[in-house]
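> Below is a structure I'd like to ask you about.
The values are calculated or read from the model by the stated rules, or taken from the named source; none is laboratory data. Every value quoted in this text rests on a predicted model; they were computed, and no experiment measured them. Virtual Cβ from ideal backbone geometry, glycine too; neighbours counted across all protein chains shown. SASA here: full protein model, heavy atoms, side chains in, ligands and nucleic acids out. Shrake-Rupley method; radii C 1.70, N 1.55, O 1.52, S 1.80 Å.
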Amino acid sequence: MKLLELINYFRKGGNYESFCDEHFLNIDSEVIEIYMRTPFKLENELVFFEIEQTGGMSDIEFNGLMYSNLFDFYFFLDVIDESNNEENKKVSDQEIAKSLLNYALNNA
């Protein structure tokens, strides 16, 4: 799954519980972290880990590939909530993806 697909899933009404269930993530985890293949690009695949698995590490190797932490799922869901308010509904998924990637690049 790519960042744009994740945004689209949640902006179209997907919910956190269903997402965790579909991706075999523990809904009771302290936090689910979103990682992306490095270097960060919108086309790169995402992977999701419970913080209990990563120990909060910024960079991890998974299936022989390096991934870096973008942000946690709570931050992402806050952005999605904001994007769905009346003022921001016209902002495209692509624009949100670019903003989120820019945030990750500049606030890591």
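> What lysines does residue 89 reach when the alpha-carbon gap must be under 23 Å and sequence neighbours fewer than 8 apart in one chain are set aside?
Result set, ordered by chain and number: 2, 12, 98.
> Can you tell me the length gained on complete extension of the stretch residue 95 to residue 15, counting 0.36 nm per residue apart and subtracting the Cα distance?
26.7 nm
> Here is a further query. Can you compute the modelled spin-label distance between residue 61 and residue 38, with each label point 7 Å from Cα toward Cβ, in nm?
Going from the residue 61 label point to the residue 38 one covers 1.3 nm.
> Another one. Using alpha-carbon positions, what is the distance between the centroids of the range 46-64 and the range 65-90, in Å?
18 Å
> Additional query: Label points 7 Å out from Cα along the Cβ direction at residue 47 and residue 107: separation in nm?
2.4 nm
> Another question about this same structure. Going by a ≥ b ≥ c, the root eigenvalues of the Cα gyration tensor, does the range 1-49 fall in the rounded group (a/c under 1.5), the prolate group (a/b larger than b/c) or the oblate group?
Since a/c reaches 1.5 but b/c is at least a/b, the shape of the range 1-49 is classed as oblate.
> Using the Kirkwood radius over Cα pairs, work out the Stokes-Einstein diffusion coefficient for the range 52-100 at 10 °C and 1.306 mPa s, in µm²/s as a whole number.
124 µm²/s
> Roughly how big is the range 3-107's charge dipole about its Cα centre, with Cβ charges of +1 (Lys, Arg) and -1 (Asp, Glu), in debye to the nearest 20?
Magnitude of the dipole: close to 520 debye.
> Would you work out what percent of the accessible area of the range 3-107, with all protein chains in place, is carbon or sulfur (probe 1.4 Å)?
After summing per-atom areas, the C and S share lands at 46 percent.
> Above 21 angstrom, tally the Cα pairs of the range 3-107 and express them as a % of all pairs, no decimals.
For the range 3-107, the share of Cα pairs beyond 21 Å comes to 33 percent.
> As I understand it, the dipole of the chain uses +1 on the Cβ of Lys and Arg and -1 on the Cβ of Asp and Glu, about the Cα centre. Which of 103, 69, 32 lies farthest toward its positive end?
Result: 103, furthest along the dipole toward the positive end.
> Using the heavy atoms of the protein chains and a 1.4 angstrom probe, tell me the accessible area per residue for the range 3-107 in square angstrom.
I get 59 Å² per residue for the range 3-107.
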